[in-house]
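The values are calculated or read from the model by the stated rules, or taken from the named source; none is laboratory data. Predicted model only: the values in this text are computed from it and were never measured. Quick reminder, even Gly has a Cβ in these numbers, built from the backbone with ideal geometry, and neighbours come from all protein chains shown. Only protein heavy atoms, including side chains, enter the accessible area calculation; ligands, DNA and RNA are left aside. Shrake-Rupley method; radii C 1.70, N 1.55, O 1.52, S 1.80 Å.
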Amino acid sequence: MSFGSASVQSWNATVLAMLKLLAPALILLIAAPASAATTVGNFVTRANALRANPLTALTSPDFTVLRDEARAASAQLKAERDARRAAGKPPIACVPDGQSIGITDMLDGLAALPPAQQRLPLKDGYAAVLAKRFPCH
């Protein structure tokens, strides 16, 4: 079976037209995860699914994603803390030296946030939980 140059050109034109139509959607799909902050509610829902199946949680692809999102939120919160300190602003929470909050307590604290705070970015949810757990007096 041989293809003439006209059919190859037609095929190329069809593929090019499809790419032009799909390009904006592909760009949105690729860019959305990088720019969209994970909300507290979304994070809690996905984490609870893993907590419900502890035997498979560590091998779930979502485990790595959630771990990375949690690390990113923590890093953002630390950067915000340092910026507040440098600007002479009071801290959001006063965590005593050597203390931290465990993952179970953090997840429970995030889940207990009111519905309005469930829509916040994860970093802000972390801040709310820490402020409640370690208030500044």
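Structure values in brief
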| item | result |
| --- | --- |
| Selected residue (criterion: least open to solvent (accessible area, probe 1.4 Å)) from residues of region 48-61 that are farther than 22 Å from ALA112 by Cβ and under 20 Å from the mean Cα position of the chain (by Cα) | SER60 |
| Criterion violated by ILE92 - all others in (1) touching a helix residue (DSSP H, G or I) at 6+ places or on another chain (Cβ under 6 Å); (2) open to solvent by less than 70 Å² (accessible area, probe 1.4 Å); (3) in a helix (DSSP H, G or I); (4) in contact (Cβ under 8 Å) with a residue 24 or more places away in the chain satisfied | (3) |
| ILE101, sole failed condition from (1) open to solvent by 60 Å² or more (accessible area, probe 1.4 Å); (2) touching a Lys or Arg at 6+ places or on another chain (Cβ under 9 Å) | (1) |
| Residue list for region 104-122, restricted to those being open to solvent by 50 Å² or more (accessible area, probe 1.4 Å), in a helix (DSSP H, G or I) and not β-branched (Val, Ile, Thr) | ASP105, ASP108, ALA111, PRO115, ALA116, GLN117 |
